[in-house]
Ligand code: Q9C
Ligand code: ZN
């Protein structure tokens, strides 16, 4: 099953017609450079090209008011002066005679993508669209957005395909307040957004973008905001929020479909975001979402204004959707203090809603006041004119070219076990080359000197042993908690060049959990995974091969609470190891003491 790519040049045919410093970064070239990069890297050709369509009035009315739609419908006939005036009633957006047409195509592209994925025409896909959508509200354009493409797609998917749960992941650097408002009281749509916030100093400067806006009424717990209170967030900060907030909650939620508000202004070099995450982090963010919802993932472009990091990030995303192994993640040195503070706040705000966060540290009661103090301090600094070194041109290496391995999965099988489709079978009988054996021995001895690695490994082994004692698949949730909160961050920080996955007989890990584990671990070591199984486990060959081939793992169903004794072991381990492994941390140093149940 393939990957859809939706793009139409028509969406490059509108632009800012007057002078407005706030809007000058939203240019047609954003789309052309992204599309050209996909062609140049041979990615566009590997995708299934799906045509755009215009969203209908009925589609748009799933999210927007009739009055607003009627008003936007008049814009193609307005004079320049009328357009300027019409624009003035909204924040940080511009209109153009052709933008209504493009906005219908942008929303329609998201719907075409949902249809392609839901009907099984493709497994996943990406839509390159302008204008973006996540800031637009029921009755207002905002932040370069006219119609809320992803919100419309979520409502459409629920209505047309009867979906019970849709996850929206907004990795754009701005808060998609339009999406939040749309689904605030709706528990069938889980909205996750991280965004530059700086204690409400950054656009759109909303109180409700903070971590304590968790959703309303029945939707309480289904809105997750991660505010970035400093610029310069890096790969570690992003990954740690995925491992310790988004992924555990997403697995517990168990979506039928994943929609991504794929803005790349959260990448390095972006003039809006001022963050430092490298374009290849999007390979990992994408990979980590690809085993949810049976792999049904639709990415829709939002922001991204650096014409170098934008196309690089788009390529990383699409190449991962196509199934190519992700590059080794570089420089994972743990989250910064400000990110840890945000992590701590979000986890504590949501601990009452998600059983995977039940054990998260509470916030000290003085937190609110510390926040105010920090705010005041910052204000002072600004007044002193001590402005941060602003907008120096960032430079970063171009992500290395990713390869598609000629053989995705090779198996060495005992006699009488058929080789699953798509895998290469290697004979088991050939004698090992003594040179290779020696090389292996040397390398192994060298690696075994790494005492951090050894301590960690022995801790993990005891954990796995403990888990094995629980029979059957009854403890999928505890196992998953160990994988997401411990094994994955540890693996990312360790950055192995090979993942050796050993399956013990009678491990009690059922196929779907095993496939999730195998799938997630392929984000490490460029996907170089070696699985060892014993002869008696013949029935496990096919599911394992499927996971190694990159098929989406079957979803685990909505998860119950993990066993308290497992959580306790896990948490104790995480605490013990987090001095050495920074990606295991979930609380800021000065408030981390009271991390109790
Ligand atoms: N410094 C999206 O990324 N603010 N919209 C501009 C200029 C508006 C961003 C202020 C940013 C809107 C989809
Ligand atoms: Zn943005």
DSSP beta bridge pairing in the chain, given as percent antiparallel to the nearest 5 = 5
Cβ-derived FRET efficiency at R0 41 Å, residue 438 paired with residue 561, nearest 0.05 = 0.25
Could you state the angle between the C-alpha long axis of helix 309-321 and the longest principal axis of the C-alpha atoms of the chain, as a value from 0 to 90 degrees rounded to the nearest 10?
-> 50
Determine, for 45, 57, the number of other Cβ atoms within 10 Å of each Cβ, and report the residues in order from fewest to most.
-> 45, 57
Residue-normalised 222 nm signal for the chain, counting each DSSP H run of n ≥ 4 as -39,500 (n - 2.57), nearest 500 deg cm²/dmol, is -11000 deg cm²/dmol
Between the helical axis of 511-521 and the dominant principal axis of the chain, each derived from Cα atoms, what acute angle in degrees is found, rounded to the nearest 10?
-> 70
Roughly how many Å is it from the Cα centre of the range 527-582 to that of the range 25-42, as a whole number?
-> 38
Using only alpha carbon pairs under 8 Å that are at least six residues apart, calculate the relative contact order of the range 1-57 and give it in whole percent.
-> 53
So for 354, 194, fewest C-beta neighbours within 10 Å to most, what's the order?
-> 354, 194
Which whole-number percent is the relative contact order of the chain (Cα, under 8 Å, 6+ apart)?
-> 14
Ranked highest first by average number of other Cβ atoms within 10 Å, how do 321-328, 28-35 line up?
-> 321-328, 28-35
When the gyration tensor of the chain is built from Cα positions, what are the square roots of 5 times its three eigenvalues, in whole Å, from largest to smallest?
-> 40, 28, 23
Which FRET efficiency value, to the nearest 0.05, do you get for residue 331 and residue 212 by plugging their Cβ-Cβ distance into 1/(1 + (r/R0)^6) with R0 = 41 Å?
-> 0.85
Taking Cα atoms only, helix 29-40 is inclined relative to the longest principal axis of the chain by an angle, in degrees rounded to 10, of 30
Which value, in Å to one decimal place, does the Kirkwood hydrodynamic radius take for the range 485-534 when every pair of different Cα atoms is included?
-> 11.4
Can you figure out the FRET efficiency of residue 121 with residue 29, using R₀ = 41 Å and their beta-carbon distance, to the nearest 0.05?
-> 0.85
Contact order normalised by residue count of the range 180-335, Cα under 8 Å, 6+ apart, percent | 21
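Only the coordinates and a few stated rules stand behind these numbers; no lab work does. Being a predicted model, the structure only gives us computed values, none of them experimental. A quick note on method: Cβ atoms are made from the backbone with ideal geometry, for glycine too, and the neighbour counts reach across all protein chains shown.
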